[in-house]
């Protein structure tokens, strides 16, 4: 780490005082006016030029410098013009010579280290005058005085090494770097509710709500070491920028066991805090609280500073002597793909109305038990008839070296489930975040069935160990639906799961989960991409027709719902045209996904599925099997009610043949009247909280 340097001007007329920090390099201006040396062209002679009154005594042509044992004094010179001297020799005053002083250790008393500059006449023997620099050194801050110098020490420390422990005097605290060898502290947004069960998120309150609340904050320790007398003429400030003030809050721990002892000292209403000092070594404990996630107008970086100020006079402003800085990066909100271990399944109970879901609910209970998952059922009094729990929220998490907890992202759709994430999910060690357009305008594409994420991938040599976010969008054009800008901006600002925009506006509902999904696999990349495929479905049906099953029908056993035979379906010209259009839309996305996720055709499985166009947008003809719930190896697939061939549904048999060789268990769930006829399927009607990645996001190089 390059040493900080401070220029101190000495004078033979009066003592000079200044403050520096241990580790600070002092350049002693023996010329008295920060003058510089200039080589006269062709003369080989160095001349002084500059400003202000000079301190070199009249007639002086050389000098000698000495320091006491607590200091290291050395001379910087240009060997072209000055030859190195013996320790007792004098240095010329006209050859661009500089005096540098470094501090070895903190002082035991005020003024216990001294530097003397002696000026001599032309003959080199006559002493004309002396200039004195007295230094008092503190751990962390060095205070330097001419004639009465003092040194102090100041170190502002956080977990910059990302080990979960505060590292004292760490290097490169002022920069935040990515990667496994990166450095820099991490700050969590305190968006859970560890305090009383009623109320807002913890960071909505300007005080510490509970002792568990402190665990979500980042520890910072300010170390100081030096005589208390230094602070008769100096002030130590902890401070933040006005640009960071609404994104961070700092509390000072007084040492008492009471929650009230954690005093809020920095935030939107206060940018600086004077730290009280005593004689000797001290340690001040602070807790830093994040208030805002990275976003379009916030890059996630926050700086906390400790500055020693010198008060020159009663009516003069103080001037900074030394600043130590720690840079934090706010931890991003992270999504988890279907391939991560499932922890908890959420589903709504709908008993009233024409489309109850008791049968679906029982099937989900069985599936969750097979996968050893916790099941949470949102009752009708809370969902208010809104069964689309996937559309309402997306589960993710935040992580720092000292703490991690899940965070639910609440979509701006605001239907019956509008209050469920905040009222039921937000709680101890379970955070909450949302983004809503200021004008309140949202479309179907703002529901989170239109938000997905890939498993980890490597693309053209670049690794995405946390996967890549997938957002459904539209082709350019007036009137086309897009996800709200505030939501898209938030997702892009998290940086580490670099989003990909797909084309989903061709669908009636418009969600990416209607045509794609990812399932775990034991080989290749560890997963397969499933894509809905009208072409593969038509080919399957043609094959069964050739086998003599043309009279086999879709929707057998659904009672009031009419059936359609394979012969009738394959003779439907409009359906063939619709299928060709839908396949082209999916193929467009297929090419994007192959390019942006580094996939080959062997990484993709085509799942047979037909769509029909209604007012130029597509809807699944039979339950959309790609829209499944994935709980480890257990798949909850919409039962397609396909043609019965040799005693079994040919669609189910085809999907089993594609997925079971991967070790996956296919469970077909009847959702026809509880979800499918309402334009949704199993994934839309469930939500899953999954285990976070073991890979730490700060080890990425975006």
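Values in this text are rule-based calculations from the coordinates and carry no lab data. All figures in this text were calculated on a predicted structure; none of them were measured in a lab. With ideal geometry, Cβ positions are generated from the backbone for all residues, glycine too; neighbour counts draw on all protein chains shown.
Suppose R0 equals 22 Å; then what is the FRET efficiency for residue 198 and residue 403 from their Cβ-Cβ distance, rounded to the nearest 0.05? Between residue 198 and residue 403 the formula returns 0.40.
Under the simplified labelling scheme, the residue 612-residue 319 pair shows an inter-label distance of 8.4 nm, with each label point 7 Å from Cα along Cα→Cβ. Between the beta carbons of residue 89 and residue 232, assuming R0 = 25 Å, the FRET efficiency works out to 0.05 to the nearest 0.05.
Potential lengthening of the chain between residue 274 and residue 14 amounts to 90.6 nm, from the contour at 0.36 nm per residue minus the alpha-carbon distance. Taking Cα atoms only, the orientation of helix 358-370 departs from the longest principal axis of the chain by about 60 degrees. Cβ crowding within 10 Å, taken as a proxy for footprinting-reagent exposure, orders 201, 483 from fewest neighbours to most as 201, 483. The peptide list 159-166, 405-412, put in order of mean Cβ contacts within 10 Å with the highest first, becomes 405-412, 159-166.
Taking a ≥ b ≥ c as the square roots of the eigenvalues of the Cα gyration tensor, an a/c ratio of 1.5 or more together with a/b larger than b/c marks segment 253-341 as prolate.
Using the Cα gyration tensor of segment 161-291, with a ≥ b ≥ c the square roots of its eigenvalues, what is the shape: rounded (a/c below 1.5), prolate (a/b larger than b/c) or oblate (neither)? Oblate shape, in that a/c is at least 1.5 and b/c is the bigger or equal ratio.
For the peptides 679-690, 343-354, the ranking by packing is 679-690, 343-354, with the highest mean count of neighbouring Cβ atoms within 10 Å listed first.
Every helix of 4 or more DSSP H residues in the chain counts as -39500 (n - 2.57), and over all residues that averages to -3500 deg cm²/dmol at 222 nm. Remark: the residue 296-residue 577 segment gains 96.9 nm on full extension, using 0.36 nm per residue and subtracting the alpha carbon distance.
Within the set (1) 0.98; (2) 1.10; (3) 1.17, the number that Rg/Rh (Cα atoms, Kirkwood Rh) takes when calculated for this structure is listed as (3). Full extension of the chain segment joining residue 480 with residue 246 gains 80.7 nm, where the gain is 0.36 nm per residue of separation less the Cα-Cα distance. Modelled spin labels at residue 211 and residue 78, positioned 7 Å past Cα toward Cβ, are 6.6 nm from each other.
For the residues 513, 157, what sequence is obtained by ranking on other C-beta atoms within 10 Å, fewest first?
Fewest to most other Cβ atoms nearby, the residues stand as 157, 513.
Relative to the longest principal axis of the Cα atoms of the chain, the long axis of helix 650-659 makes an angle of roughly 30 degrees.
For the chain, relative contact order (Cα pairs under 8 Å, six or more residues apart, normalised by length) works out to 10 percent.
Centre-to-centre, using Cα atoms only, segment 357-418 and segment 588-605 are separated by 29 Å. Helix 573-597 axis versus longest C-alpha principal axis of the chain: approximately 20°, rounded to the nearest ten. Which residues among segment 61-78 fall inside the zone where the amide N is under 18 Å from a point 7 Å beyond the Cα of residue 123, along Cα→Cβ? So the set is 61-64.
Rounded to 0.05, the FRET efficiency of the residue 439 and residue 27 pair, given R0 = 60 Å and the Cβ-Cβ distance, is 0.55. Ranked for footprinting exposure by Cβ neighbours inside 10 Å, fewest first, 336, 212 give 212, 336.
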